[in-house]
Amino acid sequence: MVPCSISQFKPVFSMLVFAGTVVCATGAEAVTTFQKSLFTSIDRKACTTLRSHPDGNAYRCPGLDGFPIYLAEGDHRTFVAGSIEPEKTRAAQQTLGAFNTPFLHSSHRAIIEWRFTIKEKRKVPFAMIVRYFTEMNGRKGEVLVVTRIAGKEACHVGYVDALANANAIVLARRIADERARTFDCRTDPSIEGERGRSPL
């Protein structure tokens, strides 16, 4: 898993879905809190083109509550970043070493899972999880990429082999919730959990 560095491609914001609510009872009172996930769809056809290139374009699209998405493609790899200025973040230059895309079967839509907190009645994301479909030397796989989001900053935190880990999404959410907010973007992301099924 080597973060590669190319910038050219972008996502589109489509739709928000609440994962639900959790109700916790404390003595005589019950406190209702929102689940930490929202989902938006990326649709390249709805994006604004930032740059055109023979290898692939770069786009900027609406994201979650003022956090737009940057999506770029080049050399059969995809770059996805979300922040206040996503194209200026380290995540905009990070991808997997294997050929990859978040678009299954060359579709025009992909899904982003946002992990967020509520601040002053506003959803503020601190991480996002994107499933990449990977390929290398004839081998295909799926990798969950966990990205830190902190204002104008965004970077990859960790990678989870979604085929090697039975509860891959649970592991990815744990990485997002426990590590993303304090992760130092000057350091490199790590591979978490079992590995070996999906090329990274």
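Bear in mind that the values in this text are calculations on the coordinates, not laboratory data. None of the values given here were measured: they were computed from a predicted structure. No Cβ is skipped: glycine too gets one built from the backbone with ideal geometry, and neighbour counts run over all protein chains shown.
Listed by chain and number, the lysines whose alpha-carbon sits under 21 Å from that of residue 121, ignoring those within fewer than 8 places in the same chain, are 36, 152. In this structure, the amide hydrogen of residue 51, modeled 1.01 Å from its nitrogen in the peptide plane, lies closer than 5 angstrom to those of 58, counting only residues at least 5 positions away or on a different chain. Its Cα gyration tensor gives segment 92-200 an equivalent ellipsoid, and the semi-axes of that ellipsoid, as √(5λ) in whole Å with the largest first, are 24, 15, 13. Look at the dipole of segment 52-200 built from charges on Cβ: of 105, 138, 168, the Cα furthest out on the positive end belongs to 168.
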